[in-house]
Structures are given as structure tokens and as C-alpha cells.
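Notes follow once the structure below has been shown.
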Amino acid sequence: HGLAATAASWLPLVPRLRRTARLLLPELSEVGGTVGPRPALAVADGAEIVHELVARLFPGRAVTLGGTSLGGWTAIRLALAHPECVSRLVLLAPGGYRDQDWERAARAVRVAGPEDVPHTLAALFARPPWPLTRFPGPIAALYGTPAVRHLLGTLREEDAFGADDLARLTMPTALLWGEDDGIFDVSVGEAMARALPAGHLYRFSGAAHLPHWEASGEVAAALADFRARHPLSGVPPRRG
């Protein structure tokens, strides 16, 4: 899941995915109820925790690893550190690509109070849901939680990745991007797709940073296409 979000952010896709896959939806911050020594896991820590979880629950197997936004960034760091345990990557507007407008992304998630919420909603949604626009207080409170503040404070230059890093990821990778994304521009997805040896970019019109919420049917169809292109049969078991 992404910044200021929980595993529930995957709900629009869960009914479709659970028909053909066993799903594991970890919570990586106290926003979703996780209790730990820190309010949220930094990117590198999250990658290692998820890797340990996968190794325990799916021993000897490579898995399809998905992430959205900050969760996509975490998934990429995991795949770079432990490529043998990832058979496919599914990334919805992932963060972390080094060569982009970081100030643009920072402005979109910089919420000091309710007055900043309209700008953030416009970055997240092509058509912001009216309850969120009508009642901005809860959104402002969410972005002001210790978990969000802590996580933003832990982001480091060395956590980012570039084209050379992506070139090492040989597993099939789906990039799913809303064309109106106000946090990470779709041009970032184009650059990542060019760098990935087996990258596929799926673009969605009329959607912004959360295409699985605004275009869930189209995203589900894209995932079905990706799975048909890259079935898991014949994938060797995870080593180690």
C-alpha cells in the first residue's frame, strides 16, 4: 500500500484477484493497525519485512509481488535485493524513480491542514469523490499522522533507483499508470518501461494516481492481459 494508506487500498481488485490467486496484503504502518517500534517502516525496512514474510508463508516459491505508489517503491527495492523470490512485478504508479520532478511529488503530499487537501485530492484522483472534497478534515488528519510524518522523514537519496537498477530486474513487470497522475507523471512510467527488460506499461485515461479506484475494470483487464502474456507455469522454484 502507499503513503497514508492501508492494505484496504487494494479492495477494488481483491474480488477479481482472489478467484485465481492466494492474496497476502500486509500492513506496513500503524495507520492500518500495525504495532511496532516505529510508526511506519522505511522503504528498505519494509522491503526486508515483506521478503521475510514471503519466505515464511511461501517457502521455496517465487511470488507475484504488487505495490502501489510507495508500496511499489518498496516492491522494487525488494526485487532488487532478492530477485530470486519474485516471479512477476505488478506496480501501480510506483514511487522512487530517481530522474523525475521530486518537488512536484512533494507538493502533492504536503498537507499542513484542510486548506491543502484539494490540491492533494486533485493529484490522487481525476475526479475526486465528493465526500472527500466536502469533508477535508479527516484527509488532513491522516496526512498529519505520526506514521506519515515518520515515513516522509526516512526517505533517503540512496532509497531511490535509476534506469541502471531497473535493467537488473529481468522478471516480467507490469506498470499501471493513470494519465492524469498528479504525483508521478506518466512520463515516469514510460521511462521505467524503457529501462525494464520485460516491462509493460498500461495507461488509463480518466484516472490519476489511483487507477485501480477510478478504472478498476480496465486495470483488472490489464492484469489479465499481463498474466496471459506471462503465465507462471514453468517458473523455477525460488532458490535458497
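The values are calculated or read from the model by the stated rules, or taken from the named source; none is laboratory data. No experiment lies behind these values; they were computed from the predicted model shown. Because the Cβ atoms are built from the backbone with ideal geometry, glycine has one as well, and the counts that use them run over all protein chains shown. Keep in mind that these areas ignore ligands, DNA and RNA; they rest on the heavy atoms of the full protein, side chains included. Shrake-Rupley method; radii C 1.70, N 1.55, O 1.52, S 1.80 Å.
List of remarks:
- Residue satisfying condition, being in contact (Cβ under 8 Å) with a residue 60 or more places away in the chain, in a loop (DSSP other than H, G, I, E, B) and not small (G, A, S), within set R38, R22, R16: R38
- Within region 155-177, being of a type outside the set (A, V, I, L, M, F, W, C) and open to solvent by 30 Å² or more (accessible area, probe 1.4 Å) holds for R156, E157, E158, D164, D165, R168, T170.
- Filtered residues of region 192-214 (kept if touching a Phe, Trp or Tyr at 6+ places or on another chain (Cβ under 7 Å), open to solvent by 10 Å² or more (accessible area, probe 1.4 Å) and part of a helix (DSSP H, G or I)): E214
- Of all the numbered requirements in (1) touching a Lys or Arg at 6+ places or on another chain (Cβ under 8 Å); (2) assigned to a helix (DSSP H, G or I); (3) of a type outside the set (S, T, N, Q), D165 misses one, and that requirement is (1).
- In region 125-140, residue nearest to the chain's Cα centre (by Cα) [restricted to those that are of a type in the set (A, V, I, L, M, F, W, C) and surrounded by 14 or more Cβ atoms within 10 Å (Cβ to Cβ)]: F125
- Condition met for G189 (out of contact with any Cys (no Cβ under 6 Å at 6 or more places or on another chain) and at positive phi): no
- From the options R98, R61, residue that is more than 21 Å from F204 (Cβ to Cβ) and at pLDDT below 95: R61
- When A81, A122 are checked against the criterion of being open to solvent by 20 Å² or more (accessible area, probe 1.4 Å), hydrophobic (A, V, I, L, M, F, W, C) and within 18 Å of D159 (Cβ to Cβ), A81 stands alone in meeting it.
- You will find that of V35, V43, the residue that is in contact with a Phe, Trp or Tyr (Cβ under 7 Å, 6 or more places away or on another chain) and of a type outside the set (D, E) is V43 and no other.
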